[in-house]
Amino acid sequence: ALHDELIPQLTKRYRIADSPDERILAGRRGGAVAAVYTTLRYPKTFGHCLAISYGRADTVRADMIHDLIHGDADHKPKFHIAWNRYDVRRPQSFSCRIQSRELSERLKYHGYRVTGGEDPTGAGWRSWRAQFGTAIQTLLQ
């Protein structure tokens, strides 16, 4: 399992926090989907999740994430979901802007603490990089 294998290996190589309340799993676009899924799946391992431009094409079904949102009521990680006004979208399959907003609203509805929101910028590395530092500070407050 992730907690039994990955965390000990990371601890050997890097300085990571001992407490889940100090650990943040982060990603953008498809990596944000993986970060959200993993944080919800292992809420006792990761206390925070940063998802920028959450975009789920066809690789992860929405119901998998939605089912996990209803999971462990005693361990609810904190989320920072951020997206851009002109975010990535594929008209035939997905929109990071819409999916990010829907995920944020669903998490809030189910009692998760969610910060973030829409940034009035475009999609791309510059926007994501600019959002990252502020998002980390916000999550750890």
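The values are calculated or read from the model by the stated rules, or taken from the named source; none is laboratory data. Computed from a predicted structure; not experimentally measured. Heads up, the Cβs are rebuilt from the backbone with ideal geometry, glycines too, and the neighbour counts pull from every protein chain shown. Areas reflect the complete protein model, heavy atoms only, side chains present, ligands, DNA and RNA absent. Shrake-Rupley method; radii C 1.70, N 1.55, O 1.52, S 1.80 Å.
Data table
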{"item": "Accessible area of ARG106 in the full protein assembly, 1.4 Å probe (Å², nearest 10)", "result": "90"}
{"item": "Degrees, to the nearest 10: 30-41 long Cα axis against longest axis of the chain", "result": "40"}
{"item": "Point-to-point label distance, MET64-ALA130, nm (Cα→Cβ direction, 7 Å offset)", "result": "3.3"}
{"item": "Only Lys, Arg (+1) and Asp, Glu (-1) charged, at Cβ; the chain dipole about Cα centre in debye", "result": "500"}
{"item": "Residue-averaged [θ]222 nm for the chain, counting only DSSP H segments that reach four residues, each worth -39500 (n - 2.57)", "result": "-12000 deg cm²/dmol"}
{"item": "Farthest toward positive dipole pole in the chain [+1 Lys/Arg, -1 Asp/Glu at C-beta], among TYR54, TRP125, LEU107", "result": "TRP125"}
{"item": "Cleavage-rule hits (chymotrypsin sites (Phe, Trp or Tyr not before Pro)) in the range 1-51: DSSP loop, at most 11 neighbouring Cβ within 10 angstrom", "result": "TYR14"}
{"item": "Listed residues PRO77, PRO43, PRO20, most fluctuating in the chain (Gaussian network, C-alpha, under 10 Å)", "result": "PRO20"}
{"item": "Prolate/oblate/rounded label for the range 95-141 (Cα gyration tensor, a/c 1.5)", "result": "oblate"}
{"item": "Antiparallel DSSP beta bridges within the chain, percent to nearest 5", "result": "10"}
{"item": "Coarse-grained scattering of the chain at q = 0.18 Å⁻¹, given as base-10 log I(q)/I(0) from a Debye sum over alpha-carbon atoms", "result": "-1.01"}
{"item": "Degrees separating the helix 96-109 axis from the principal Cα axis of the chain, which is the longest one", "result": "50"}
{"item": "Principal-axis tilt of helix 125-139 within the chain, Cα atoms, nearest 10 degrees", "result": "50"}
{"item": "Relative contact order %, the chain, counting alpha carbon pairs below 8 Å whose residues are six or more apart", "result": "21"}
{"item": "Hits among lysines - C-alpha to C-alpha of LYS12 under 28 Å, sequence gap 8 or more where chains match", "result": "LYS44, LYS76, LYS78"}
